[in-house]
1. Condition (residue is surrounded by 10 or more Cβ atoms within 10 Å (Cβ to Cβ), more than 23 Å from the chain's Cα centre (by Cα), part of a helix (DSSP H, G or I) and at pLDDT below 85) applied to segment 55-72: is it met by at least one residue?
2. Within segment 76-95, can one find any residue that is loosely packed, with under 11 Cβ neighbours inside 10 Å, over 22 Å from the mean Cα position of the chain (by Cα) and at pLDDT below 80?
3. Does any residue of segment 12-35 turn out to be part of a helix (DSSP H, G or I) and modelled with pLDDT of 75 or more?
């Protein structure tokens, strides 16, 4: 009888440990997801500051609901054209602006041709 209780105790301990470790793992993945979301938000904020400084002097906001969105390739072409007009952007700033414009209008873009 004592032998049977011993194995029940061991089994109970293993099950509790599994639940505890599973909870810790799930909580940790939520924390990582939150950190990624926070980093993305911070990245978008930096990109918007570059956009304000470099683009809004000549262009209206991209938030016009009447305009269709563009593909990421379209935004690459547009930003490269702006380089020809003398817009001084580094490659990193160009990528930030392209990502920002695409993500702001995501879901409204035309299909790539």
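The values are calculated or read from the model by the stated rules, or taken from the named source; none is laboratory data. Predicted model only: the values in this text are computed from it and were never measured. Virtual Cβ from ideal backbone geometry, glycine too; neighbours counted across all protein chains shown.
1. no
2. Checked segment 76-95: no residue is loosely packed, with under 11 Cβ neighbours inside 10 Å, over 22 Å from the mean Cα position of the chain (by Cα) and at pLDDT below 80.
3. No, the conditions are met nowhere in segment 12-35.
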